[in-house]
Amino acid sequence: MNILEYKGYRAIVEFDAENYKLKGTVMRIRDGIHFYSDNLMTIEEEFHNAIDLYLKRCEEKGIKPEKEYADHKRFECVPRA
């Protein structure tokens, strides 16, 4: 898996065969943050730009930026007597 990390955010990068581009998606947040690049050399820069823009917009709107959430919840199983 191709994962990028920046400022506490992680993104997965995939090849979009339909558009012949690299597509990145920030993982584990509800706000949809996506970024694209035609070039492998610039995909990380596009990720940084997307996160910086997201943080700037949150600040401008006076809202708290969403942070990564866990994929799982912890459950404890207790056997019945």
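Of all residues in the stretch 38-53, those that are of a type in the set (Val, Ile, Thr) have Cβ atoms under 9 Å from Cβ atoms of residues that are outside any helix (DSSP H, G or I) and open to solvent by 90 Å² or more (accessible area, probe 1.4 Å), 6 or more apart or on another chain, in Ile43/Asn2; Ile43/Tyr36; Ile51/Lys7.
Of the residues Tyr9, Tyr36, Tyr20, the single one that is of a type in the set (Phe, Trp, Tyr), exposed (fewer than 10 other Cβ atoms within 10 Å of the Cβ) and either more than 18 Å from Lys67 (Cα to Cα) or touching a Lys or Arg at 6+ places or on another chain (Cβ under 9 Å) (or both) is Tyr20.
The values are calculated or read from the model by the stated rules, or taken from the named source; none is laboratory data. Since this is a predicted model, take the numbers as computed values, not measurements. Reconstructed Cβ throughout: ideal geometry from the backbone, glycine too, with neighbour counts over all protein chains shown. In case anyone asks, the SASA skips ligands and DNA or RNA and just uses the protein heavy atoms, side chains included. Shrake-Rupley method; radii C 1.70, N 1.55, O 1.52, S 1.80 Å.
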